[in-house]
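Novice: Dropping the structure in here first, questions after.
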Amino acid sequence: MAKFNLAQIKTALAAVPDWKKKGATITRLYQFKDFPAAIKFVNAVARLAEKAWHHPDMDIRWNKVALTLTTHDLGGLTEKDFALAKQFDRL
């Protein structure tokens with residue numbers, strides 16, 4: 001799998017409009033009604049990430065969950081990041 005160039009990143013971001021590019025990552029903040037709902041989401045994210053063998057960085061703050069994706073071994077963004085972002089957005 002190859003690292004995306006800027007044009008590919010721009011095209012891929014159009015399919016996940018709530019995600020923002022930040023350096024060599026994409027990130028999104030999700031907000032929920034309360035802490036249990038946020039944790040339910042985190043558990044669902046964990047199941048998808050394990051299945052894809054591609055794991056986001058997560059920051060949990062009561063009812064908010066920030067996810068950050070990058071393909072660490074390639075040092076940037078790849079199809080794996082955007083495919084997983086789409087799956088997370090469907091939760």
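Each value in this text was obtained by applying a stated rule to the coordinates, not by laboratory testing. In this text, all values refer to a predicted model and were calculated from it rather than measured experimentally. Here the Cβ positions follow ideal geometry from the backbone for every residue, glycine too, while neighbour counts run over all protein chains shown.
Novice: Using the Cβ atoms and a cut-off under 12 Å, what net charge is assigned to the surroundings of N63, where Lys and Arg are +1 and Asp and Glu are -1?
Specialist: Net charge around N63: +3.
Novice: Got a sec? Charge dipole of the chain, +1 on Cβ for Lys and Arg, -1 for Asp and Glu; which of F82, Y30, A66 is way out at the positive end?
Specialist: Selected residue: Y30.
Novice: Measuring from a point 7 Å past the Cα of K80 along Cα-to-C-beta, which residues in the range 1-26 have an amide N at less than 12 Å?
Specialist: From the range 1-26, the list is 1-3.
Novice: What value, in deg cm²/dmol to 500, does the helix sum -39500 (n - 2.57) over DSSP H runs of n ≥ 4 give at 222 nm once divided by the residues of the chain?
Specialist: When only DSSP H runs of four or more count, the value is -13000 deg cm²/dmol.
Novice: Only Lys, Arg, Asp and Glu count, each charged at its Cβ (+1, +1, -1, -1), so figure out the dipole size of the chain about its Cα centre, rounded to 20 debye.
Specialist: Computed about the Cα centre, the dipole is about 200 debye.
Novice: Same structure, new question: Rounded to whole Hz and in sequence order, give me ³J(HN,Hα) for the range 35-52 from the Karplus expression 6.51 cos²θ - 1.76 cosθ + 1.60, θ = phi - 60°, writing x for Gly and Pro.
Specialist: 4, x, 5, 5, 5, 4, 4, 4, 5, 5, 4, 4, 5, 5, 5, 4, 4, 7
Novice: While we're on this one: Tell me whether the range 6-89 comes out rounded, prolate or oblate; compute the Cα gyration tensor, take square roots of the eigenvalues as a ≥ b ≥ c, and use a/c under 1.5 as the rounded threshold.
Specialist: Prolate.
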